[in-house]
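Here, each number is a calculation from the coordinates, and none is a lab measurement. Given the structure is predicted, the values throughout are model-derived calculations rather than measurements. Note: ideal-geometry Cβ built from the backbone for every residue, glycine included; neighbour counts use all protein chains shown.
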Amino acid sequence: MTNRWLLPENLADVLPAQALQVEELRRVILDLFQSFGYQLVIPPMLEYVESLLTAAGSDMSLQIFKLVDQLSGRTLGIRSDMTTQVARIDAHILNRQDISRLCYAGTTLQTRVVPGIFSREQLQLGAEIYGFVGIEADIEIGRLMLDTLYLAQVGSVTLDMSHAALLRDVIAEIPLSASQSSELYAALQAKDRSSLEQLTANWQGAKQELILSLLDLSGDAPFVLDRARQVLPNTQVTQQVLGDLETLYLALRQYSNQTQFNIDLADLAGYQYHTGVMSAAYIAGCPVAIARGGRYDEVGSAFGRSRPATGFSLDILPLANLSQRPVITNVILAPCSNDPELLQKMSELRQSGQIVIQLLPGESEKKQRTGVIGQLDKQAGIWQVHLTS
């Protein structure tokens, strides 16, 4: 007989201590987003699968749990990412002509474990700007990403920056199948020079040299920018790419001098839908990027509006595990009594933000969780909080 308390592989319960940290972070991060002017949207967990696959990568279909809708007979999917859903809301539901700042928080589910993540379920938080094509929007998203991570108190942050347009311009004239493109990007991501040489063996010499040169264009941002201007062809695309990266770097460095800024022109995660600058934030204790962002101007085109878009997202579950942000759990104990004055006092304390636990009959004070700072006692006919030492 199957043990009914067992969960499917790579899924886990979030227990009280961690759940408290997760919820506290979710609240303060959404408050931060709101302070920047981002409006919260809540897309549904299920959608028609073709909507979830719109503008996504070629491998996204394999990551989506699918089921048949008993009402319509159509195939539904459980979202594995929320970016496309928010793009649908901006393009089709809100249908604004001006700039939209939207944010979201919700559970996503994937059929397979992403390397370095360890769980198929994520609590994804993100923020996105629609309707502005300039680098200024990318700078705002970068500032918001850094503020989010420092708000969570996860220590020093390293921000890697890249750009999708450079390689896309190089391979635009080369007939590559979907599998060949995936292999090319995978070799770049892994910095596998041998595989890259084999994949580009039949290319023109100049283009092969350009692809291989990207492997060495990584490191401290000023160094990479200087080196890239020496080795990359002086084309309009190259000028745009390096100009965008330099503008983004200088603006974010001025905003946060405690962050290490790197550029890695071979880091092209999310290349399937990114169109411009991309960023990945790394912190100690996390084997993969804790947050990723970038520009994806075509994401809403399948919904009838190809609006400029840029944003970032993160999974708050690993963020909470690494956060050093204190969670205040001061508890006040109250005796088991139906005294109206006691009930009124407990209500006042709770409305002021205090945690008040009224003991049940026979419940021992000693078995209460840690964090007890006092108890309610009746002194001179008045219920007052007596602080414990």
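Some points to look at:
- For Thr111, the amide hydrogen comes within under 5 Å of the amide hydrogens of Ile64, Phe65, counting only partners 5 or more places away or on other chains and with H modelled in the peptide plane.
- Once the Cβ-Cβ distance of Ser72 and Arg253 is raised to the sixth power relative to R0 = 45 Å, the FRET efficiency obtained is 0.30.
- Each of the peptides 146-154, 124-132, 25-33 was scored by the mean count of other Cβ atoms within 10 Å over its residues; in descending order, highest first, they stand as 124-132, 146-154, 25-33.
- Rg then Dmax, both in Å and based on the Cα atoms of region 164-267: 14.5, 45.
- Taken over the chain, lysine pairs spaced eight or more positions apart, or on distinct chains, with alpha carbons under 30 Å apart number 6.
- Positive minus negative residues near Ala289 (Lys, Arg vs Asp, Glu; Cβ under 12 Å): -3
- With the alpha-carbon atoms of region 233-326 aligned to their principal axes, the span from lowest to highest coordinate is 47, 35, 23 Å, starting with the largest.
- Cα shape, region 1-151, gyration tensor, a/c 1.5 rule: oblate
- Anisotropy class of region 1-81 from Cα gyration tensor, a/c 1.5 cut: oblate
- Counting beta carbons within 10 Å around each of Cys103, Cys286 and listing the fewest first gives the order Cys286, Cys103.
- Three-way shape call for the chain based on the alpha-carbon gyration tensor, with the a/c threshold at 1.5: prolate
- With N as its number of residues, region 245-389 has a Cα radius of gyration that, divided by 2.2 N^0.38 Å, comes to 1.79.
- The chain: calculated mean residue ellipticity at 222 nm from DSSP helix runs of at least 4, using -39500 (n - 2.57): -10500 deg cm²/dmol
- Estimated from the Cβ-Cβ distance and a Förster radius of 56 angstrom, the FRET efficiency linking Ser337 and Gln239 is about 0.15.
- Pairs of Cα atoms farther than 18 Å apart, region 331-387, %: 27
- The slack between Asp98 and Leu212, meaning 0.36 nm per residue of separation minus the straight C-alpha distance, is 36.9 nm.
- Ranking of Tyr282, Tyr38, Tyr255 by neighbouring Cβ atoms within 10 Å, starting from the fewest: Tyr255, Tyr282, Tyr38.
- Simple Cβ-charge dipole of the chain, Lys/Arg +1 and Asp/Glu -1, about Cα centre, in debye nearest 20: 660
- Only one residue of Tyr296, Ile373, Pro326 has its Cα farthest out toward the positive end of the dipole of the chain, where Lys and Arg carry +1 and Asp and Glu -1 on Cβ, and that residue is Ile373.
- Relative to the Cα centre, the charge distribution of region 164-267, modelled as +1 at Lys and Arg Cβ and -1 at Asp and Glu Cβ, gives a dipole magnitude of about 80 debye.
- Fewest neighbouring Cβ atoms within 10 Å first, the residues Arg193, Arg305 line up as Arg193, Arg305.
- Which of Pro44, Gln258, Ser213, positive extreme of dipole for the chain (C-beta unit charges): Pro44
- Each DSSP beta bridge with both residues in region 331-387 is either parallel or antiparallel, and the antiparallel ones are about 45%.
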